[in-house]
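Read the structure below first, then the notes.
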């Protein structure tokens, strides 16, 4: 039995680790239970920081995303200072090209429209089928795998207890309080619990969080070529994310197939077709790697944050496509709620109360 942590976090993905680091910096004793670190959605992502390129509509979700994007420079400097590691943060901007048959109404968010000639000048080599595109200079990217490793080391450096390979089998309660967790490593206890188990959260609590499978692949820029892309391309069929080390990430499918594993010919074909249509030169680049992962999706594609039906259980899950983008702001909001009883007004928009979540005494 593990006893004595101020906070026990269920889930060692980007949200769980970011929250652990933030709580630890506030002086809390934190334990993170991670069933499989490499299975976290953040390992399978592209690392885009794209609240504007994704076209998130004005409202609480956009406010949350923009707030988190603004936190990124300071947040990664803090993590890199703690660890001496590089997160690959790159505020490179994102170009959102549009084909002729997709010409939009005027963009509501701040962005610069580039017509056919302007977009060809801005990024040579794009498809001749384009009508133009939107340029979002404040969006960017981070190397998601490097960031995950940096968070893990930062948590270790700060004294967070990281228990890898530990599965939570059952959450036990009395009345409206969690009393302990039954895990593959025995009983775990803490004063406060955080559920941040990503796509697996719905298996532990009756929350509407389900997996959405995403397949991805990476290409390698030929050694004899200079880097052909200097910003992310966020197309209508594909996103193309160039890394500074010569890799180019292509993503991603969105499949409602539960936890079905593996890459598939249909998924890989979809990625390659979309990428080579948008940027034809990619047809001659070597395929370096392909993989898949599971996004934690909710019915409205927004996260579930804040209080739960249990007095000492806090929710931080369901981030769907925006877990990497929202990690800094989620960590700050959840840590303030736990450590300072400070409930930011923005949390109300992401409460589990917006869904028909069963009340206490319904844990499986």
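Read-outs throughout are calculated quantities, based only on the coordinates presented, and are distinct from any laboratory measurement. Here the structure is a predicted model, which is why all the values come from computation and not from measurement. Glycine also receives a Cβ, built like all others from the backbone with ideal geometry; neighbour counts cover every protein chain displayed.
A few remarks follow.
- Beta bridge orientation in the chain: antiparallel %, DSSP, nearest 5: 70
- With contacts taken as Cα pairs under 8 Å at a separation of at least 6 residues, segment 257-364 carries a relative contact order of 22 percent.
- Mean Cα-pair separation over length for segment 118-263, i.e. relative contact order, pairs under 8 Å, 6 or more apart, %: 16
- Panel order for 110, 54, by other beta carbons found within 10 Å of each beta carbon, from fewest to most: 110, 54.
- Linear extension gain, residue 356 paired with residue 266, 0.36 nm per residue minus alpha-carbon span: 28.9 nm
- Rh by Kirkwood over Cα pairs, then Stokes-Einstein D for segment 1-89 at 1.002 mPa s and 20 °C, µm²/s: 142
- Choice from 99, 89, 294 with maximal GNM fluctuation in the chain (Cα, 10 Å cutoff): 99
- Cα principal axis extents for the chain, largest first, Å: 65, 41, 39
- The Cα-based radius of gyration of segment 188-294, divided by its Kirkwood radius, gives an Rg/Rh of 1.11.
- Normalised Debye scattering of segment 206-364 at q = 0.09, 0.15, 0.18 Å⁻¹ gives log10 I(q)/I(0) of -0.42, -0.88, -1.05, counting only Cα atoms as equal scatterers and leaving out solvent.
- Choice from 350, 37, 290 with maximal GNM fluctuation in the chain (Cα, 10 Å cutoff): 290
- Measuring spread by the Cα atoms of segment 264-320 yields a radius of gyration and Dmax of 18.7, 56 Å.
- Radius ratio Rg over Rh of segment 205-253, counting only Cα atoms, Kirkwood formula for Rh: 1.18
- Look at where the Cα atoms of segment 255-269 and of segment 203-231 average out, and the two centres are 13 Å apart.
- Tensor-based shape of segment 167-224 (alpha-carbon gyration tensor, a/c under 1.5 rounded, otherwise prolate or oblate): prolate
- Note on the chain: GNM, Cα springs under 10 Å; of 81, 93, 267, the largest mean-square fluctuation is that of 81.
- Note on residue 116 and residue 230: their simple-model spin labels are 2.5 nm apart, each label 7 Å out from Cα toward Cβ.
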